[in-house]
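Heads up, the thing below is written out as structure tokens.
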Amino acid sequence: MASLLDSPSVASPHLHSLEVVKDFASAFAELPKEMTHCRPLNEEHQGALNRAAKLVCHVNSCRKTKNKGEDRDKGKGTLSKLRGVGVSNLYRGFIKVWNKGKTGVKKKTKAKNKTMERSRQSLKIRVGLALSLSVGGKEHKAVIVEVAMVAFLLTSLCVFFPLAIFIIKFLHKVWWTPIRVQYMMGLQGIKGPSYSFLHGSTKQIMNMRKESFATAMDLSHHIFPRIMPHIDAWIQLYGENYLQWRGPQPQLVVTETQLIKEILNNKDGAFVKTKPSSYGKKLIGDGIVVTRGEKWSKLRKISNYAFHAENLKEMVPAMTASVETMLQRWRHREGKAIEVYEEFKLLTSEIISRTAFGSSYLEGKNIFDMLIKLSTIISRNEFKIRFPGIGCYISGGGSGGSKVEVKVEVLEIVVVVVMQAVVAAVAVVVWWKFVKSNDDTESDRIEHVIRDLIITMIQKREEKVVQGKSDNYGSDFLGSLIKFYHDADDNSNISIDTVIDECKIFYIAGQETTNGLLAWSIFLLAIHSDWQEKARKEVLELFGQQNPSPEGIARLKSMSMILNETLRLYSPAANMWRKVEREVRLGKLVLPANMDVYIPSLALHHDPNIWGKDAHLFKPERFAEGVAKATNNNTTAFIPFGLGPRMCVGLNFAAAETKIALSMILQRYTFTLSPTYVHSPMQMLTIRPKHGIEVIFHAL
């Protein structure tokens, strides 16, 4: 067969076109009779192939010859004569016979087989060139259209159909669903800013916050319009309940206390904790703050045991020792401004490290530093909406290579199209999964560092038990977690990931909450010297110059009033989130599934309709007869630590820690606000001073 393509007779272009066409058509007319037999080619078939090869070479030589007049016309005439028998049928028949002919030479040597394969591929390419890249004609167009249609259909199925499905789902989420929800809520009287495609309300919110934080504010406690300018403006415009958007995600902002009570006290699972963002998950994992069901019940039980009243009493000596260490540093700075927010950050981290984790100050500080960095990343990305950039990465393949490359067989087309689709899909997945921003990379690094630090603490406890230095893992929070981790009962034990998540949550929540409460309490007492004196008098009457005792802490009435008013004006957690798990009725409203419910507790705490016209003033006497009396038995009017079954489990721990620290400071110092203080409260997980709080202390 190899000699077929190399013979001088085949190479000669000077053949009579009509005679070749007749012989070619005549020979092929007989081929169907032999198609069902798998045997070597007979002489007649061999002759047909010879004449077909001559035709191919003749047409191909017409394309290459310099004389593009007469010979080109011969080529057109030759192809036009093939119309009667059908060009594509002749080609397919030719290839089919050729493939059958190949079965008759299985016993030839490997060298000859390779030669025949090269000849076959060469002949296929030449036939393809003759039929699809020839000088022109309707027959050539018919073949191109046929192959192109197959390619188009396959491409549509492999690429465009899945892409169309994705686009439909994408538009359903970012266009149709927001419009439907906005219309549905509008019929129920819930209004709000109009939905903006993709962005929702986030651009408006970011612009309003940026403008609000651009300058410092007067020394006023009316911080709600500064911290949440969009909510303040939209409540006045749309009412106490309205609809806003975080990208395409609808958020029902609720400030009506009766509805908030229904949401926070719900026990049938209609309103669940929202899942944290990708950054938030690295900070708190899947711990008690966000988990639900049996896992939440198990973790709540562990936390309740760790912070039981009896256990808190045992923590008081460690708390007083940590405060004493801080006050010793202050002795060298009397009469000078001290930035108390940073000082209390060190204090609270040391207290948590000692009481809950039995670790050193340095170990705790390293973990806190990492958690604070992660918190900064979360705040920086709070209002950013991320969408995968799919359009830039779906490609139909490159355009490089020879223009005369021909892939005619359907199998080859399928392979190419499928490979292109796979490459495009992989490109999208790789981009979305692995192409990361600087914050993504940094947060991953921080998460791994925190994990390693916590695991090191756990291993130290375990080694003491293994070595016989201790008969248990300890009675503190970490010890309780490790105990349940090693529990043999599958119904009560927890995983190592859960232990780590719970440690992270208590570190960040305990430190941030108490730090802010202490700093803002000192700030308010530095301004209101009358209440500073009342608190000092109460402390000296109860403790004298002795360290606070667990029994005496519970009797600090004036200090409790001061702390409640501080929590009202400068709430550590300015908001709460829930997600509508399924369609549910809330009051007279019907809420669709997957809607977020946003409860701005700071708005409630500054609402003149609840607290009166002096709601923005520091007046601890509001709480002289307790919280219930101050709120007219409206339990949802004051919720600094939440409400219902998911109320903050560390509430009593934070209160004890704060009262001990304030008592020991009041025993030793009077203090005033530094004249250089700049009032710029901001929200970053909790409400904190942007420029710190500088206070001048004088020894008594």
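A short reminder: the numbers here are calculations on the coordinates, not readings from a lab. Because the structure is a prediction, the values reported are computed rather than measured. Cβ: placed from backbone, ideal geometry, glycine included. Neighbour counts: every protein chain shown.
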Region 457-545: trypsin sites (Lys or Arg not before Pro) in DSSP coil with no more than 15 other Cβ atoms inside 10 Å: K469
Calculated over region 160-273: convex hull of Cα atoms, volume per residue (Å³): 152 Å³
Listed residue pairs exceeding 19 Å between alpha carbons, taken from K301/K460; K534/K619; K173/K273: K301/K460; K173/K273
Qualifying trypsin sites (Lys or Arg not before Pro) in region 285-373, DSSP loop, other Cβ atoms within 10 Å at most 14: R292, K336
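Please list the equivalent ellipsoid semi-axes of region 530-689, computed as the square roots of five times the alpha-carbon gyration tensor eigenvalues, in descending order and whole angstrom. Mind dumping the intermediate values first?
Numbers: eigenvalues 229, 63, 50 Å².
With the √(5λ) rule applied to region 530-689, the semi-axes are 34, 18, 16 Å.
Once you have the alpha carbon radius of gyration of region 439-513, what is it after dividing by 2.2 N^0.38 Å, with N set to its residue count? Spell out each step's value before the answer.
Working: Rg = 13.9 Å, N = 75, 2.2 N^0.38 = 11.3 Å.
Compared with the compact-globule rule of thumb, region 439-513 sits at 1.22.
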